[in-house]
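Here's the structure we're looking at; comments come further down.
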Amino acid sequence: MTDNIFLAMRRGEDALYARIRDDKRGESCRQRLEQMWLEYRSYAPKGFRKKLQYEFHQRWWEMYLTLGLIRLDFSVSTFSQDNHPDILLDFNNTKVWVEAVVPKPGTKSDAVPEQVANGVQDLPMRECLLRLTQAITAKREAVNSYIQRGIVSEKDAFVVAISACALNQFGSLLEWPQPVMLRVLAGAGDLAIPLDWNRSTYSTRQETILRDSGSPVATVLFEEEGYRIISGVLYSNVDPVNAPLSPEKSFSLFLNPRAYVEVPIGIRKKMLTWREKNRTGTEIVWTNTQPMDGRGYQPGPLAENA
């Protein structure tokens, strides 16, 4: 394979791809991508460079994700054809399939708008949530297809790896007051400040959001029976222009508390991991754990739904 990740200009190529390749202001980003390619090219599926030219965000995320998993010292396998999930991790007797997905901004009335260059605009949280939810839903259908074709076993773990890199630079703005994936997967809503001083702030419950058409979209995916085949969701909000050369530091893993197959602890202990801590009649509490240098886990902040 060639050392150069970029191909000559072609009609219909991705605009950001072309800008990074041709604009002198994109030199540092271009060099970073070239460096990533040198590490990734032996793992790249057939035709990767050509697909990158037209499907830049999706293919960039596949490369970035793979490199991050490699740097975490996992046993990583990829496939030359696109008839398998993107990545296979082997943990003793458990196979963990990882499928990468990048939701696009959309083109209809619910689309994520372009950012205003010089001005003020509202954060399009609803539109971003719709795109993220749709992407995970599509991958649930893909899992079912893989199982029906005998590619994935019901005894295997399956992780959807989703990136917000194509949501018009809004991905990094979606994380307050709680991780955006808790909105999509567990129904966390807006921040509420109680008048009772004995109670701390919490996230309100939001089980659905509405499309412009008025039809509801569920935002409690981990509580739906059909999503139990998804063991967890790995999420990253960095984009190709600003992404550091340490992909694994941008990963957050959200465990499905009702999954048929759990994500192996060998994965959980190497990245920031969110899990449902407890559930009562009035609240659901999520907490995170993160690796510490030689000292095991240290509990992270809580996210509550009421």
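The values are calculated or read from the model by the stated rules, or taken from the named source; none is laboratory data. Since this is a predicted model, take the numbers as computed values, not measurements. Neighbour counts are summed over all protein chains in view; Cβ atoms, including those assigned to glycine, are modelled from backbone coordinates with ideal geometry.
Residue-by-condition table, conditions (1) closer than 26 Å to Arg49 by Cα; (2) modelled with pLDDT of 95 or more:
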position	(1), (2)
Phe91	no, no
Thr94	no, no
Lys108	no, no
Gln115	no, no
Gln121	no, no
Pro124	no, no
Thr137	no, yes
Val160	yes, yes
Phe170	no, no
- Item | For Glu141: the one exception among (1) surrounded by 11 or more Cβ atoms within 10 Å (Cβ to Cβ); (2) in a helix (DSSP H, G or I) | (1)
- Odd one out for Thr94 among (1) closer than 26 Å to Ser42 by Cα; (2) in contact with an Asp or Glu (Cβ under 6 Å, 6 or more places away or on another chain): (2)
- Note on the structure: If you go through Asp212, Asp239, the only one that is within 26 Å of Pro105 (Cα to Cα), crowded, with 19+ Cβ neighbours inside 10 Å and of a type outside the set (Phe, Trp, Tyr) is Asp239
- Query: Only one of Asn168, Asn198 is exposed (fewer than 12 other Cβ atoms within 10 Å of the Cβ) and either in contact with a helix residue (DSSP H, G or I) (Cβ under 6 Å, 6 or more places away or on another chain) or among the polar types (S, T, N, Q) (or both); which?
  - Reply: Asn198
- Candidate set: segment 268-284, residues that are polar (S, T, N, Q) and in a loop (DSSP other than H, G, I, E, B); chosen: the one farthest from Ile70 (Cα to Cα): Thr282
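Can you tell me which residue among Asn93, Asn83 is surrounded by fewer than 14 Cβ atoms within 10 Å (Cβ to Cβ), touching a residue at least 60 places away in the same chain (Cβ under 8 Å) and closer than 30 Å to Ile147 by Cα?
Working: Asn93 fails: touching a residue at least 60 places away in the same chain (Cβ under 8 Å).
Of Asn93, Asn83, the one residue that is surrounded by fewer than 14 Cβ atoms within 10 Å (Cβ to Cβ), touching a residue at least 60 places away in the same chain (Cβ under 8 Å) and closer than 30 Å to Ile147 by Cα is Asn83.
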- Query: Of the residues in segment 61-80, how many are of a type in the set (Phe, Trp, Tyr), more than 15 Å from Lys269 (Cβ to Cβ) and either buried (at least 17 other Cβ atoms within 10 Å of the Cβ) or within 20 Å of the chain's Cα centre (by Cα) (or both)?
  - Reply: 2
- Task: Go through the residues of segment 44-60 one by one and say whether even a single one is farther than 25 Å from Pro105 by Cβ, surrounded by 20 or more Cβ atoms within 10 Å (Cβ to Cβ) and not charged (D, E, K, R).
- Result: yes
- Are there any pairs with C-beta distances below 7 angstrom linking a residue in segment 223-235 that is without any contact (Cβ under 8 Å) to a residue 40 or more places away in the chain to a residue that is among the small types (Gly, Ala, Ser) and not in a strand (DSSP E or B), with the two at least 6 apart or on different chains, and if so which? Arg228/Ala259
- Which number in (1) touching a residue at least 60 places away in the same chain (Cβ under 8 Å); (2) among the small types (Gly, Ala, Ser); (3) touching a helix residue (DSSP H, G or I) at 6+ places or on another chain (Cβ under 9 Å) marks the one condition that Ser153 misses? (1)
